[in-house]
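Structure first, commentary second.
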Amino acid sequence: MAGPFCAMQLADLGADVIKVENPDGGDSARDSAPFLEGESSPFIRLNRNKRSLAINLKAPEGKELFRELVKGADVIVENLRPGTMADLELDYGRLSALNPRLVYVAASGWGQTGPYAQLPGLDIMAQAMSGLMSITGEPNGNPVKVGVPICDLVCALYGTIGALAALRVREKTGRGQFIDVSLFEAGVSLEVWEAGRYFATGEVPGPLGSAHQAAAPYQAIRAADGYFTVGATTPRNWRSLCEVLDHPEWADEERFKDNPSRHARRDVLIPMIEEVTSRQLRAHWVSMLQQAGVPCAEIQTYDQVFHDQHLQARQFFWKGRHPKVGDVEQIGSPIHLSETPVRKWRAGPALGEHTSEVLRALGRTEAEISELKTRGVLGGT
């Protein structure tokens, strides 16, 4: 997922992204359910704003066509096990000889070097090895992964940042470079707070549910109909919370005088708070706390998120056209540029939808394209 998500960021920002796929089935993500008119719903969202070129990179003619494409490319993004592109004779060393300005992003599970480099690298392995699973979930509970493939997604964002940085450097040097990003290191890189605590004290962090490592109350709080979240971490917010709960005296108790004190006594404090909050609905408490200026929020489910009034007001969702499915709802980009808005062009492409279009731009005739399709070198339309 790291490669496609990285390329999607570049496509959103205006790059002409050509997704290179095997004519025989294409990207394995095309098999991901659920399906719309035979097309993978997750795939056509993860690959928005891209064109699809179906080409057999194991065939000599396929390799040659790919090399021609690379000569005019700015960036390559690949998400394969280290060494795979070298086996195809399409690695950075060979391709940069054809195009010295090429920026090459290689996203993998563990990185291009090191003892783990050749191990399979899925998001859950990276979450496990990075320590993220050791701090996620409830205390004394089973190991839990983050609900989204966080290592995949963050690795992709680092790949995007690396590509943009390399393009900027290229303006000065005239040369591209190789960018090595991994799911494993992406996961570890997020642990800034935990690292600060560990290196200062030697204390190994553990899971705290929704609670904070150092502040309280900062977690999900039980109401009569479920849970809502509170982050009363400043003296002012803590006092306001106590007043909303109709217990202003708590704010002056020595045992709750500051964040370290409250955090150390969470096992006492949270039940005290929930004894009050459990008498009213979530909406009541969120409304009261918002009026008092205390950071808080309801815990929304996806059916609520995808119809959220704030996101609707900011036009976060949009519809992209797909040749088979029609208009497809898309999650927007959180990047709001004032002068060059992110692109809202189309949904993810059908397999090989733009093969002929791309090959014609390389100077191939219709007869040549048709012949290569007949021989299985190319696929699509």
- request: May I ask for the angle, rounded to the nearest 10°, between helix 282-291 and the longest principal axis of the chain, with both axes built from Cα atoms and the value confined to 0 to 90°?
  value: 80
field: Relative counts (whole %) of C-alpha pair distances in the stretch 218-299, using bins that are 5 Å wide
entry: 3, 16, 29, 30, 16, 6, 0
- request: Just order 218-227, 154-163 by mean Cβ neighbour count inside 10 Å, highest at the front, would you?
  value: 154-163, 218-227
- line: One would report the Cα pair-distance distribution of the stretch 281-320, bin width 10 Å, in %, as 26, 41, 27, 6, 0
- prompt: Hey, what angle do you get for helix 60-71 against the long axis of the chain, alpha-carbon based, 0 to 90 degrees rounded to 10?
  reply: 60
- request: Give me the distance in nm between label points sitting 7 Å out from Cα along the Cα-to-Cβ direction at LEU337 and PHE199, one decimal.
  value: 3.4
task: Please state the charge dipole magnitude for the chain, taken about the Cα centre, from unit charges on C-beta atoms (+1 on K and R, -1 on D and E), reported in debye and rounded to the nearest 20.
output: 920
- request: Round to the nearest 0.05 the FRET efficiency obtained for PHE35 and ALA214 when R0 = 35 Å and r is the Cβ-Cβ distance.
  value: 0.15
task: Please count, across the chain, the pairs of lysine residues with Cα atoms under 14 Å apart that sit 8 or more places apart or on different chains.
output: 4
- request: At 0.36 nm per residue, minus the direct Cα-Cα distance, what do ALA313 and ALA292 gain on full extension? Give it in nm, one decimal, please.
  value: 5.1 nm
field: Label point distance in nm, VAL192-SER28, each placed 7 Å from Cα along Cα→Cβ
entry: 3.4
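Under the 0.36 nm per residue contour assumption, what length would be gained going from the current alpha-carbon distance of LEU281 and THR234 to full extension?
Numbers: separation 47, 0.36 × 47 = 16.92 nm, distance 2.48 nm.
Here the answer is 14.4 nm.
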task: Return the inverse of the average 1/r over all pairs of distinct C-alpha atoms in the stretch 125-234, which is the Kirkwood hydrodynamic radius, in Å to one decimal.
output: 16.5
- prompt: ALA223's amide H: which non-local residues (gap 5+, or another chain) put their own amide H closer than 5 Å, with H modeled 1.01 Å from N in plane and none for Pro or chain starts?
  reply: PHE228
task: Would you compute, from DSSP H runs of 4+ residues alone, the mean residue ellipticity of the chain at 222 nm, taking -39500 (n - 2.57) per run and dividing by the full residue count, rounded to the nearest 500?
output: -11000 deg cm²/dmol
query: Of the peptides 90-96, 358-364, how do they stack up when ordered by the mean number of other Cβ atoms within 10 Å, highest first?
result: 90-96, 358-364
task: Report, to the nearest 10°, how far helix 266-277 tilts away from the longest principal axis of the Cα atoms in the chain, using its own Cα long axis and a range of 0 to 90°.
output: 80
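How large is Rg/Rh for the stretch 37-169, to two decimals, with Cα atoms and a Kirkwood Rh?
Details: Rg = 17.8 Å, Rh = 17.3 Å.
Taking Rh as the inverse mean 1/r over Cα pairs, Rg/Rh reads 1.03.
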- request: Describe numerically, in nm with one decimal, the distance between label points set 7 Å from Cα along Cα→Cβ at GLU243 and at ARG375.
  value: 8.0
message: If Rh is defined by the Kirkwood formula over all Cα pairs and Rg also comes from Cα, what ratio Rg/Rh do you get for the stretch 78-119?
response: 0.99
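Full-extension gain between ARG67 and ALA361, please, as 0.36 nm times their residue separation minus the C-alpha to C-alpha distance.
The span from ARG67 to ALA361 would gain 104.4 nm if fully extended.
No value in this document is a laboratory result; all are computed from the given coordinates. Computed from a predicted structure; not experimentally measured. Note: ideal-geometry Cβ built from the backbone for every residue, glycine included; neighbour counts use all protein chains shown.
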